[in-house]
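The values are calculated or read from the model by the stated rules, or taken from the named source; none is laboratory data. None of these values were measured; they are calculated from a predicted model. Cβ coordinates were reconstructed from backbone atoms using ideal geometry, including for glycine residues, and neighbour counts include every protein chain displayed.
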Amino acid sequence: MNFTAPLQPATLIKRYKRFLADVHTDDGRQTTVHCPNSGSMRGCSTPGSRVMLSTSPNPNRKYPQTLEMVQEGSTWIGVNTMRTNGIVAEAILEGRITELQGIEKLTREIKTSQSSRLDLLLERGNEKIYVEIKNCSLAADGWAMFPDAVTARGTKHLNELESLVQQGHQGMLFFCIQRADVERFKPAADIDPLYAQTLKEVAARGVRIVAYQAEVTPEFIEIKQNISIFLEGELST
């Protein structure tokens, strides 16, 4: 995914109320921007960090600029979760996801039950593959981790995927890791033990878990490679 217009650099003052952040732009202004991320952004919202902003052409937006990425050390981290599904869909359609070759049809935001929607329905011949995508920005000691806050909604998605597998379909949880300073993935059991335990259980019952790392730059974000996943005491790929 290429950014259609150049991003604007700034410095983060603080992120607050989940969806707002104050920044200092390089031309000397202090302004409030939209932060499209419902997580805690633990480890990627340090005051004083360099950030990149996009600007909406919509004149009616209260906050015309959007926080797109945060720099921690030398690593850019994609934090705009509204872009994640598009980044993954692009990679699938371009054949860059090993587990999802030859997809013939991709449908977004598919209703799977009375109270649930999942991010993608992929079709390949007679196969139906339901995919839920999670943006992963939390990291420590070379590990990418999810979630960065307790997520009842995330656990619900896991159970929905398992239900679809039991009905004879395929279910996949896709972790999109938007930072380059990690080598492997594990659930953040210390943050949400229920999610971590449920992830292990649904994986054992047929839900496929994959983790792909994206290259994040101020010019583009693009999925590059899969990384190993640690769930049950051993690494899997």
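Quick look at the numbers
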quantity: Residue check, Ile92 within 21 Å of the chain's Cα centre (by Cα) and buried (at least 20 other Cβ atoms within 10 Å of the Cβ); calculated: yes
quantity: The range 104-147, residues that are surrounded by 15 or more Cβ atoms within 10 Å (Cβ to Cβ), within 19 Å of Met1 (Cα to Cα) and either more than 19 Å from the chain's Cα centre (by Cα) or among the polar types (S, T, N, Q) (or both); calculated: Asn135, Ser137
quantity: Criterion (part of a strand (DSSP E or B), in contact (Cβ under 8 Å) with a residue 60 or more places away in the chain and assigned by TED's automatic domain parsing to the domain that holds Glu183) met by exactly one of Ala149, Ala91, Ala144; calculated: Ala144
quantity: Residues of the range 1-37 satisfying the condition of being within 21 Å of the chain's Cα centre (by Cα), in a strand (DSSP E or B) and either assigned by TED's automatic domain parsing to the domain that holds Glu219 or under 20 Å from Pro57 (Cβ atoms) (or both); calculated: Asn2, Val33, His34
quantity: Residue list for the range 170-209, filter: outside any strand (DSSP E or B), aliphatic (A, V, I, L, M) and over 25 Å from Phe220 (Cα atoms); calculated: Ala188, Ala189, Ile191, Leu194, Ala196, Leu199, Val202, Ala203, Ala204, Val207
quantity: Boolean, Met52 is part of a loop (DSSP other than H, G, I, E, B), outside the structural domain of Ala188 (by TED's automatic domain parsing) and either in contact with a Leu (Cβ under 7 Å, 6 or more places away or on another chain) or at positive phi (or both); calculated: no
quantity: Candidate set from the range 96-144 (those that are hydroxyl-bearing (Ser, Thr, Tyr) and at pLDDT 95 or above); member that is nearest to Arg179 (Cα to Cα); calculated: Ser137
quantity: Among residues of the range 98-141, those that are among the hydrophobic types (A, V, I, L, M, F, W, C), in contact (Cβ under 8 Å) with a residue 60 or more places away in the chain and touching a Cys at 6+ places or on another chain (Cβ under 9 Å), counted; calculated: 3
